[in-house]
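Beneath this line is the structure, given in structure tokens, with notes to follow.
The values are calculated or read from the model by the stated rules, or taken from the named source; none is laboratory data. Everything numeric in this text was worked out from a predicted model, so none of it was measured. A quick note on method: Cβ atoms are made from the backbone with ideal geometry, for glycine too, and the neighbour counts reach across all protein chains shown. Each accessible area value is taken on the protein alone, full model and side chains, heavy atoms only, with ligands, DNA and RNA left out. Shrake-Rupley method; radii C 1.70, N 1.55, O 1.52, S 1.80 Å.
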Amino acid sequence: MTRSGAERAVIVICDSLRADLISPETAPFLSELSERAAAFAAHRSVFPSTTRASAASIATGCRPARHGLLGNTMALDEGEGLVCRSAGAPDFRDRMRRATGRTLHVPTLAERLRWHGEDSVSCANVSPGAAYFQDPDGHGWVHHSAGSFGPGRVPIDDPASAGLTKGIAGDRAMTERFCSDVLEERAPSVAILWLSEPDYTGHHAPLGSPQHLAAIAGADALVKQVFETVRRLDPTGEDILFVTGSDHGMETVADSIDLTELLIAAGLKESRESRELVVAPNGTAATLYFADPAGELVGRVARFLAGENWVGEMFAGERLGAAGLPTDTAMQIAVSLAAEDRTNPHGVTGYAPIVQDPSDNESKIGFGQHGGLGPHEQRPFLIVEGGGFEPGERRQPSSLVDIAPTVLRHLHMDHDDMDGRALPHRVSER
Ligand SMILES: [Zn+2]
């Protein structure tokens, strides 16, 4: 599958790494790279700021309103009413396709490359859902411990991915393979490496704690390893565009809200199992699905939520469009939980409550989480090097959805039908 064209793009994602946690002490390589490459200082995630919705936005250049994956969890009606499902499960893609007739509603980078007969390879050490939604219809190669696929979604034998677990050891093994097998041997037009750190540790330790800082340093070293491989293959930086960033940041969990119970107590939902109104918890955000999206229950629930002090921002009905969410689905209300500007015991600012997820019993209070519109969970980082990018800091807003058009422009492919736009080569460019 070696291609003849010289231009390629390599993307490395450090899941959950907050831009403000990159410093010469915590992440020496990224800190140094941001000085000598194009650094996007006002970079933002999408809403919900969850890894699965973000993965689809990076892959499609579109917000959830257009790509259709509305968070880490989504309610689907598979014939017996709405049920909340985890989009991270290996079978979610098939459930979504059965329930709605399709997966993502717009083409991914992998599909766009396939139109030109070119290959993409993704190596992801995150949930199966986040890995598969980069290329849910099988146009390129996806490597994941839960199963790897080639074009046509043909399962492939992949012992190098089979035993990997989340955390820095798994990330390190995946990076080794990415550098030697993918970058040096196969050389696809687009190669994506998605590290589990510092997300994995951030969910299981306080932000800024020694464990969390070690995870950040570990991810930083792996980005360096990929960058050095890339620049060994292309010393001038003309051919290989190097992109590194995160999908979102994190806030510290302040409290856990049992939203389903509150709705039952307020007389707005029959029972935990009832299907007329279903909550899809998304960390520091939640989406609410209605069996009758045009019914009067939507307004009653919106009025109830407007009076709750843990609700930060609420989007209902037509207002969902302002949050980058669709207005024409069963999901009729989305809330981002109220973020606070407090500092945690390790000097990291930003707290927010989470909506309790019945499928996840671990106590998260004091650890990191994301999903909403809090200022820190909405602060991913983005650095672009090579490919004609002038070094220097960009202050103009950028978003996850700008990555796909930037990659496609580098490959001389059409990119004008996305929500995002190709990022400016020059500092002064608007
Ligand atoms: Zn996460």
Once you charge only the Cβ atoms, +1 for Lys and Arg and -1 for Asp and Glu, what is the size of the charge dipole of the chain about its Cα centre, to the nearest 20 debye? 380
Starting from the amide H of L207, placed 1.01 Å from N in the peptide plane, find each other amide H under 5 Å away whose residue is 5 or more places distant or on another chain. G368
Can you tell me the orientation of helix 210-233 relative to the chain, as the angle in degrees between its alpha-carbon axis and the longest Cα principal axis, to the nearest 10? 40
Could you tell me which of H116, I240, T260 has its Cα farthest along the dipole of the chain towards the positive end, charges placed at Cβ (Lys, Arg +1; Asp, Glu -1), taken about the Cα centre? H116
Just to confirm the number: angle between the C-alpha axis of helix 297-306 and the first principal axis of the chain, 0 to 90 degrees, nearest 10? 80
Output the Kirkwood hydrodynamic radius of the stretch 252-349, Cα pairs only, in Å rounded to one decimal. 14.2
Once you place label points 7 Å from the Cα toward the Cβ at A265 and E25, how far apart are they in nm? 4.2
How big is the shadow of the Cα convex hull of the chain, averaged over all directions, in nm²? 19.0
List the residues whose amide H sits under 5 Å from the amide H of S122, counting only those 5 or more places along or on another chain, with H placed 1.01 Å from N in the peptide plane. W141, V142, H143, I192
Give me the accessible area of E35, 1.4 Å probe, in Å² rounded to the nearest 10. 150
Would you mind giving the average projected area, over all directions, of the Cα convex hull of the stretch 47-141 in nm² with one decimal? 5.7
Can you give me the C-alpha center-to-center distance between the stretch 1-77 and the stretch 217-249, rounded to a whole angstrom? 13
Take the alpha carbon atoms of the stretch 340-411, find their center, do the same for the stretch 125-195, and report the distance between the two centers in whole angstrom. 23
Run lengths n ≥ 4 of DSSP H only: what is the helix-derived mean residue ellipticity at 222 nm for the chain, with -39500 (n - 2.57) per run over all residues, to the nearest 500? -7000 deg cm²/dmol
Give the residue list of GluC sites (Glu not before Pro) in the stretch 272-351 that are DSSP loop and have at most 16 other beta-carbon atoms within 10 angstrom. E273, E276, E296, E308
Karplus-derived 3J(HN,Hα) from phi for the stretch 376-393 (6.51 cos²θ - 1.76 cosθ + 1.60, θ = phi - 60°), whole Hz, x at Gly and Pro, runs 8, 6, 9, 10, x, 9, 8, 10, 10, 9, x, x, x, 7, 5, x, x, 7
Output the 0 to 90 degree angle, nearest 10, between the alpha-carbon long axis of helix 168-177 and the longest principal axis computed from the alpha carbons of the chain. 40
Need one value: the accessible area of T329 in square angstrom, 1.4 angstrom probe, rounded to the nearest 10. 40
Listed residue (A130, F149, A99) projecting farthest to the positive dipole end of the chain, Cβ model: A99
Provide the per-residue ³J(HN,Hα) series for the stretch 417-426, in order, calculated from phi with Karplus coefficients 6.51, -1.76, 1.60 and θ = phi - 60°, each as a whole number of Hz, with x at glycine and proline positions. 10, 10, 5, x, 9, 4, 6, x, 5, 9
Debye, to nearest 20: dipole size of the stretch 170-296, +1 on Lys, Arg Cβ, -1 on Asp, Glu Cβ: 280
For the pair D417 and S180, how long in nm is the line joining their label points, each one 7 Å along Cα→Cβ? 4.2
Probe 1.4 Å, all chains present, heavy atoms only: D416 accessible area in Å², nearest 10, is 130
How much FRET efficiency would the formula 1/(1 + (r/R0)^6) give for D94 and R395, where r is the Cβ-Cβ distance and R0 is 60 Å, rounded to 0.05? 0.90
Once phi for every residue in the stretch 243-255 is put through the Karplus expression 6.51 cos²θ - 1.76 cosθ + 1.60 (θ = phi - 60°), the whole-Hz ³J(HN,Hα) values, with Gly and Pro written as x, are 10, 9, x, 10, 8, 5, x, 8, 10, 7, 6, 8, 6
Could you pull out the trypsin sites (Lys or Arg not before Pro) across the stretch 93-188 that fall in loop regions by DSSP (anything but H, G, I, E, B) with no more than 13 other Cβ atoms inside 10 Å? R102
Given the candidates P188, H370, I22, the one whose Cα lies deepest towards the positive end of the charge dipole of the chain, counting +1 at each Lys or Arg C-beta and -1 at each Asp or Glu C-beta, is P188
Amide H within-cut-off set for I354, under 5 Å, with H built and near neighbours excluded: A254, D255, S256, I257
Can you tell me, using C-alpha contacts under 8 Å and at least 6 residues apart, the relative contact order of the stretch 293-430 as a whole percent? 14
Is there a quick way to get the dipole size of the stretch 190-255? I mean about its Cα centre, with the Cβ of Lys and Arg at +1 and of Asp and Glu at -1; what is the value in debye to the nearest 20? 240
